[in-house]
Amino acid sequence: MFAVIKTGGKQYKVAKDDVIKVERLAGDAGDAIQLDQVLAIAGDDGALNVGTPMLEGAVVSATLLEQARADKIVVFKKKRRQNYRRKAGHRQDLTVLRITDISAKGAKKPAPKKAAAPKAEAAPKKEAAPKVEKAEAAPKKAPAKKAAPKKEAAQKKETAKKAAPKKAAAKKSEE
């Protein structure tokens, strides 16, 4: 029995007890993970069930073994005769998974926890406040103050120009 799952934008063909490296998934070592994006499942009898695009209720269970990083790759960009060279490195974050179970019918639900007290009895219901119409809710704002008139701005510029002292004209020397 095998399944085709989708995670991290990639597709993987997995069987029970397979160990695969996928793009980073949240969790710590030893956590159980449910992968619900199952594209296809093949049974032991050879019958293949293919989803459109996913199979409803199909789940692949896995155990997170470790969070790792891939080998470093060198990214080198160059344009000839342009004196353009860029060198960078990259290490992809990975998650190592061990496939524990493939279920076509859905995940096994954990046992329900016992509740101490029902929530409905604990808190009394609040009465709904009457709805207020939009016109009453927000009074209209006063119009914003307009900028100073252009005449006042022009007068300010003229007074600034008059304040600057003028240079005396250069005297011509007579021979």
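Scanning segment 20-50 for residues that are free of Cβ contacts under 8 Å to residues at least 12 places away in the same chain and charged (D, E, K, R) yields a single hit, Asp45. A single entry from Lys21, Lys13 fulfils the requirement of being part of a strand (DSSP E or B), surrounded by fewer than 16 Cβ atoms within 10 Å (Cβ to Cβ), more than 26 Å from the chain's Cα centre (by Cα) and basic (Lys, Arg): Lys13. Scanning segment 56-90 for residues that are of a type in the set (S, T, N, Q) and surrounded by 12 or more Cβ atoms within 10 Å (Cβ to Cβ) returns Ser61, Thr63, Gln67. Number of residues in segment 30-56 that are outside any strand (DSSP E or B), within 24 Å of the chain's Cα centre (by Cα) and under 15 Å from Thr100 (Cβ atoms): the value is 2.
Cβ-Cβ contacts under 9 Å between residues 6 or more apart (or on different chains), taken from a first residue in segment 69-92 that is within 19 Å of Glu23 (Cα to Cα) to a second residue that is among the acidic types (Asp, Glu) and surrounded by 10 or more Cβ atoms within 10 Å (Cβ to Cβ), are listed as Arg69/Asp93; Ala70/Asp93; Gln92/Glu23.
Computed from the coordinates by the stated procedures, all read-outs in this text should not be read as laboratory data. Worth saying up front: this structure is predicted, and the values here are computed from it rather than measured. Note that each Cβ is placed from the backbone with ideal geometry, even for glycine, and that neighbours are counted across all protein chains shown.
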